[in-house]
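Take this structure, written in structure tokens, and hold onto it; I'll ask about it next.
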Amino acid sequence: MNRNLKAGQFYGEILRKRQESGLILSELKHDHARKLPSHSHELAYFCLLLNGNYWEQSGRKRITYKPLSVMFHPPDTTHIDEIGPHGGRFFNVEVKSEWMERLRECLGRLDLEASLHEGDLAWLAMRLYR
């Protein structure tokens, strides 16, 4: 059974959360290895792995995160997560619908979900985190 997490809701301990101008910024952590059940998120979001190990599977695609890599998740994308043996810490930026429209205007067709992103996108995510 797939659980759809509402805005601002994540598995793990939420250390900090802030809502600002159509974005929800959340820092969360998992202290130990853990497999999470199949779930999706109501809002689109960017996930930055700050430290630790993390794997995600959506359909047949399995993605292994490295620290300081970013992944975009469209809304309602079903996935299964696995936290590595030493846990992990994350910074997530949820994007409300008005921001999705802005992103589409700037980027055209959104194809950010195809792979992990590093470089400029990770740098921007770290700036938001700080």
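Using the heavy atoms of the protein chains and a 1.4 angstrom probe, tell me the accessible area per residue for the chain in square angstrom.
58 Å²
Give the cross-link partners of K29 among the lysines, using a straight C-alpha distance below 16 Å as the criterion and excluding same-chain residues fewer than 8 apart.
K17, K66
A further question on this structure: Pull up all non-local amide H partners of L5: gap of 5 or more, or a different chain, and H-to-H distance under 5 Å with H placed in the peptide plane.
S40, H41, E42
If I ignore ligands, DNA and RNA and count only protein heavy atoms, how much of H30 is accessible to a 1.4 Å probe, in Å² to the nearest 10?
20 Å²
Going by average Cβ density within 10 Å per residue, which order do the peptides 39-47, 92-100 take, highest to lowest?
Ranked from most to least packed, the peptides come out as 39-47, 92-100.
Further question on the same structure: When the helix-only estimate is applied to the chain (DSSP H runs of n ≥ 4, each -39,500 (n - 2.57), divided by the residue count), what is the mean residue ellipticity at 222 nm, nearest 500 deg cm²/dmol? Walk me through the numbers on the way to the answer.
Details: 2 runs with 21 residues, N = 130.
Here the helix-only value at 222 nm equals -5000 deg cm²/dmol.
Aspartates and glutamates within cross-link reach of K61: Cα-Cα under 18 Å, excluding same-chain residues under 8 positions apart?
Output for K61: D76, D81, E82, D111, E113.
For every other residue with a beta carbon closer than 14 angstrom to the beta carbon of S26, add +1 if it is Lys or Arg and -1 if Asp or Glu, then tell me the sum.
Details: positive: K6, R16, K17, R18, K29, R89, K96; negative: E13, E20, E27, E42, E94.
Residues close to S26 contribute a combined charge of +2.
Could you state the angle between the C-alpha long axis of helix 97-107 and the longest principal axis of the C-alpha atoms of the chain, as a value from 0 to 90 degrees rounded to the nearest 10?
Helix 97-107 and the main axis of the chain meet at about 70 degrees.
For P(r) over Cα pairs in 10 Å bins from 0, in percent, several values are listed as (1) 13, 30, 23, 16, 10, 5, 2, 0, 0; (2) 13, 47, 36, 4, 0; (3) 12, 38, 27, 17, 7, 0; flag the one computed from this structure.
(2)
Report in % the part of the accessible area of the chain that belongs to carbon and sulfur, leaving out ligands and nucleic acids; probe 1.4 Å.
Reported share for carbon and sulfur atoms: 51 percent.
The values are calculated or read from the model by the stated rules, or taken from the named source; none is laboratory data. Keep in mind that this is a model prediction, so the values were computed, not measured. Counting neighbours? That spans all protein chains shown, and the Cβs are built from the backbone with ideal geometry, glycine included. Note: areas computed on protein heavy atoms with side chains; ligands, DNA, RNA excluded. Shrake-Rupley method; radii C 1.70, N 1.55, O 1.52, S 1.80 Å.
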